[in-house]
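*Asks:* Please find one structure pasted underneath; my questions will follow.
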Amino acid sequence: MDIFLIRLLQFMLAIGLLVLLHEGGHFFFAKLFGIRVEKFYLFFDPSIWKWDGSLFKFKPKNSATQYGVGWLPLGGYCKIAGMIDESFDTEQMKQPAQPWEFRSKPAWQRLLVMIGGVLVNFLLALFIYSMILFYWGDTYIPTKNMTLGMKFNTEAKQYGFKDGDILVGTENGEFKDFSADMYRALSEATRADIIRNGKPMSISLPGDINLLGMLKAEPSFVRPLIPAVVDSVMANSPAAEIGLQKGDEIVAINGKPVDSYNEFTDRLGVLEDMMTDAKTQADSLKIRTATIVVSRKAEEGMSQKDTLAVTLTPDLKLGFFVQTIAGIYQPITKEYGFFESFPAGIAYGLNVLKGYVGDMKYVFTADGAKSIGGFGAIGSLFPPMWDWYMFWKMTAFLSIILAFMNILPIPALDGGHVLFLIYEMITRRKPSETFMIRAEYFGFGLLILLMVFANLNDILRWLGYM
C-alpha cells in the first residue's frame, strides 16, 4: 500500500504540474491578446446534483476569471470566451461576437492561443532535462564496458548472437548505454558490431526487426548477463533456511544447469507457467519443491558443489539478491555546467521525442494496441520510493507525451483546433459553428473511448488476462 501511495502521489504531482502549466500556456496568450478567460481550472468540475463540482474556487476582485480545482482528476481546462471547446457552451456562441472573445480575434492570434499549451509543455520538458543534466549530470554504463557480455534469447541467436557477446554498436555508431535507444538501433540496423571472446566482429541484421516484439519477448531479445552469485539473503526466506551465503553461486536448478542469474530467473518462469496448471495444493507444493546446486568456496581456495533441496515461496521466490549492473560495472558520469546543460538538455529531449514518435507506428498493431496503458500504467512508471531524479525525469517525459498527443489533429485536442485554424488561414473561410460543435463532440467521444480502452487494458493486465 505504501508503494501504491508513493507512486500515486508522484503521479498526481507530476500530472497536476503539467496540466496547470499547459493550461497556463493558453491563458498567457489569451491574456496577451485581450481575450477574456472565464474559468481556469485544475481538473474537471462536472456538476453533481446541486453541487457545481468545485473542490475549491475563487474569483479575484475586478477579474473576469474564476480559478478553481475540480473533483475529477482527468486533466484541466481554460474556458476562453467565444470559443467552442470541451465546455460545449453553445448558448454563448448564439450571442453577437464581442471584441474580447476568441472568435473576434485574427486567426494568427487564435493560433498562438491554441498552441500555447503544447509550447509550454515542450519547452518545460527541455528545461527539466537541462536542469537534470546540470544538477545530477549524465550517469551511464557504456555497453562496450559490460565485459561479462549479454544474454540473448532464441530469436537473437538465430541472427548469429551468442551468450557472452558484448554489444558495441551498429553501422550508425556506437551504443551509448543499454537502453531503449540501443533496442531501436538494433531493430533498424543491418550490421551489429560486437566483441566475442575478446575479438571485434560484426553480425548481419535484416534492418527491420520488430522493436515491440524485441521488448515484449520473454525472455527479452537481449539483457546484460548477470552472474547467479548471491550478494545478500532475505531474512526468514527459503534461501536463508538452506544456508545460502554471500558469494555462493547457483549453477543448476532441478537438474538443469544455469550459466547466469538471467537463466536462473528463466527457469523460475517455467515453474510459473507450470503453476497455472496446478489443480490442487499438492500439485502446487510439488512444483515449489526444487533442487539447486550451489558452488561455494571451501578451504584453501578450493570450491565445492552442494546439492540443496528447497521449498520456494508461493510466488516462486528463493529470497536472495544479486549485484545490480551498477554494482558490477563502474558507471561513468558526465557533468555539465549551467550553460552547457541547455544544448545537452535540448538534444536529450529531442532524442526522447524522436524515439516516442517513431514508436507510435507500433500502436496500430495488435500487440501495440494491447500495450496501450491508462493511469495505472503511467503511475507504475514512477519509482516505488521517492526519488527526485526519477520524478523529474518522468515528469519531463510525460510533458513531451502531453505536448505530442495534444498537437495531434484530432477534434477536441489543441491539434484539432490548430488544423481548423490553418484551414481558415489558407482558404480565408471559417468552418461553420455547427461543424465545429459536431467535430468537438466527435473528438471528445473518441478521446473518452480511447481512455476507457487504455484503462481497461490496465485492469486486464492487473487481472492477469494480458
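The values are calculated or read from the model by the stated rules, or taken from the named source; none is laboratory data. As the structure is a computational prediction, the values presented were derived from the model and not from experiment. Using ideal geometry, Cβ is built from the backbone for each residue, glycine included, and neighbour counts are taken over all protein chains shown. Heavy atoms of the whole protein, side chains included, go into the accessibility calculation; ligands, DNA and RNA do not. Shrake-Rupley method; radii C 1.70, N 1.55, O 1.52, S 1.80 Å.
*Asks:* How large is the Rg to Rh ratio of region 136-280 when both quantities use alpha carbon positions and Rh follows Kirkwood?
*Replies:* Checking Rg against Rh, the ratio lands at 1.03.
*Asks:* Now, a different point. Would you kindly find the accessible area of residue 134, with a 1.4 Å probe and non-protein molecules such as ligands, DNA and RNA excluded, rounding to the nearest 10 Å²?
*Replies:* Counting only protein heavy atoms, the figure is 90 Å².
*Asks:* If you wrap a convex hull around the C-alpha atoms of region 238-380 and split its volume per residue, what is the figure in Å³?
*Replies:* In region 238-380, the Cα hull volume divided by residue count equals 212 Å³.
*Asks:* Could you name the lysines whose alpha carbon sits less than 18 Å from that of residue 305, not counting residues in the same chain fewer than 8 places away?
*Replies:* 246, 256, 297
*Asks:* In addition: Separation of region 149-207 and region 427-466 by C-alpha centroid, Å?
*Replies:* For region 149-207 versus region 427-466, the Cα centre distance is 40 Å.
*Asks:* Using a ≥ b ≥ c from the Cα gyration tensor of region 206-294 (square roots of the eigenvalues), is it rounded, prolate or oblate, where a/c under 1.5 gives rounded and otherwise the larger of a/b and b/c decides, a/b for prolate?
*Replies:* oblate
*Asks:* Let me ask another. With a sphere of radius 13 Å drawn around the Cβ of residue 172, what net charge do the other residues whose Cβ falls strictly inside it have (Lys, Arg +1; Asp, Glu -1)? Spell out each step's value before the answer.
*Replies:* Working: positive: 176, 184, 191; negative: 171, 174, 181, 188, 193.
Net local charge, residue 172 excluded: -2.
*Asks:* Would you pull out the residues with amide H under 5 Å of residue 248's amide H, same chain only if 5 or more places away, H placed 1.01 Å from N?
*Replies:* 230
*Asks:* Taking a quarter of the surface of the convex hull around the Cα atoms of the chain, what do you get in nm²?
*Replies:* Average of the hull's projected areas for the chain equals 30.1 nm².
*Asks:* Same structure again: Rounded to the nearest 10 degrees, what's the angle between the helix 261-275 long axis and the longest principal axis of the chain, both from Cα atoms, 0 to 90?
*Replies:* Tilt of helix 261-275: around 80 degrees.
*Asks:* Along the charge dipole of the chain, Cβ charges K/R +1 and D/E -1, which of 264, 304, 408 sits furthest on the positive end?
*Replies:* 408
*Asks:* Can you tell me the FRET efficiency between residue 246 and residue 326 if r is taken as the Cβ-Cβ distance and R0 is 30 Å, rounded to the nearest 0.05? List each step's numbers first, then the result.
*Replies:* On the way: r = 18 Å, r/R0 = 0.59.
Here the calculated transfer efficiency is 0.95.
*Asks:* Okay, moving on. Hey, what's the chain come to in accessible area per residue, 1.4 Å probe, Å²? The partial results should precede the final answer.
*Replies:* Numbers: 25670 Å² over 466 residues.
Ligands and nucleic acids excluded, the figure is 55 Å² per residue.
*Asks:* Would you list, by chain and number, the lysines whose Cα falls below 29 Å from the Cα of residue 334, excluding same-chain residues fewer than 8 positions away?
*Replies:* 144, 151, 176, 199, 354, 393
*Asks:* Using a cut-off of 17 Å between alpha-carbon atoms, which lysines can reach residue 39, once sequence neighbours fewer than 8 places away in the same chain are excluded?
*Replies:* Here the lysines satisfying the reach criterion relative to residue 39 are 31, 57, 59, 61, 79.
*Asks:* Follow-up question, since we're still on this one. Please determine, in degrees from 0 to 90 and to the nearest 10, the orientation of helix 338-359 with respect to the longest principal axis defined by the Cα atoms of the chain, where the helix direction is its Cα long axis.
*Replies:* 90 degrees
*Asks:* How big is the dipole moment of region 117-190 about its Cα centre under a simple scheme where the beta carbon of each Lys and Arg is +1, that of each Asp and Glu is -1, and everything else is neutral? Debye, nearest 20, please.
*Replies:* Around 120 debye, computed over region 117-190.
*Asks:* Sticking with this one: Would you work out which of 285, 329, 346 lies farthest towards the positive end of the dipole of region 271-350, given +1 charges on the beta-carbon of Lys and Arg and -1 on that of Asp and Glu, about the Cα centre?
*Replies:* With unit charges placed on the Cβ atoms, the residue in question is 285.
*Asks:* Also, I was wondering about something else. Starting from the exponent 0.38 and prefactor 2.2 Å, build the expected Rg for region 390-451 from its residue count and divide its actual Cα Rg by it.
*Replies:* Compared with the compact-globule rule of thumb, region 390-451 sits at 1.38.
*Asks:* Can you give the local net charge around residue 183? Use residues other than it whose beta-carbon is closer than 12 angstrom to its beta-carbon, Lys and Arg +1, Asp and Glu -1.
*Replies:* -1
*Asks:* Once you have the alpha carbon radius of gyration of region 73-217, what is it after dividing by 2.2 N^0.38 Å, with N set to its residue count?
*Replies:* Taking N as the residue count of region 73-217, the ratio is 1.77.
*Asks:* Okay, next question. For region 1-62, rounded, prolate or oblate, judged on the Cα gyration tensor with a ≥ b ≥ c (square roots of eigenvalues), a/c < 1.5 rounded, else prolate if a/b > b/c?
*Replies:* oblate
*Asks:* Per 0.36 nm of contour for each residue apart, how much would the distance between residue 63 and residue 147 grow if the chain were fully extended, relative to their Cα-Cα spacing?
*Replies:* 23.7 nm
*Asks:* Kindly provide the helix-only [θ] at 222 nm of the chain, computed as the sum of -39,500 (n - 2.57) over DSSP H runs of four or more divided by all residues, to the nearest 500 deg cm²/dmol?
*Replies:* The per-residue figure over the chain is -14500 deg cm²/dmol.
*Asks:* What size of dipole, in debye to the nearest 20, comes out for the chain about its Cα centre when the only charges are +1 on Lys and Arg C-beta atoms and -1 on Asp and Glu C-beta atoms?
*Replies:* In total the dipole reaches around 1220 debye.
*Asks:* Output the relative contact order of the chain, whole-number percent, from Cα pairs under 8 angstrom with separation of 6+ residues.
*Replies:* On the way: 743 pairs, mean separation 80.2, N = 466.
So the answer I get is 17 percent.
*Asks:* Leaving ligands, DNA and RNA out of it, work out the accessible area of residue 387 with a 1.4 Å probe and give it in Å² to the nearest 10.
*Replies:* For residue 387, the solvent-accessible surface is approximately 60 Å².
*Asks:* In terms of the Cα gyration tensor, with a ≥ b ≥ c the square roots of its eigenvalues, is region 313-466 rounded because a/c is under 1.5, prolate because a/b exceeds b/c, or oblate?
*Replies:* Cα axes put region 313-466 in the oblate bin.
*Asks:* Once the other residues with Cβ under 13 Å from the Cβ of residue 309 are scored (Lys, Arg +1; Asp, Glu -1), what is the net sum?
*Replies:* Here the charged neighbours net out to 0.
*Asks:* Okay, moving on. Taking the 0 to 90 degree range and rounding to the nearest ten, how far is the long axis of helix 2-32 tilted relative to the main principal axis of the chain, both from C-alpha atoms?
*Replies:* Compared with the principal axis, the helix lies near 30 degrees.
*Asks:* Another one. How much of the accessible area of the chain, in percent, comes from carbon and sulfur atoms when a 1.4 Å probe is used?
*Replies:* 63 percent
*Asks:* Show me the GluC sites (Glu not before Pro) within region 385-466 that DSSP assigns to loop and that have at most 14 other Cβ atoms within 10 Å of their Cβ.
*Replies:* Numbers: sites: 424, 433, 440; in loops: none.
Nothing satisfies the criteria.
*Asks:* Moving to a separate point now. If you place +1 on the Cβ of every Lys and Arg, -1 on the Cβ of every Asp and Glu, and leave all else neutral, what size is the dipole of region 309-466 about its Cα centre, to the nearest 20 Debye?
*Replies:* Dipole magnitude for region 309-466 comes out near 300 debye.
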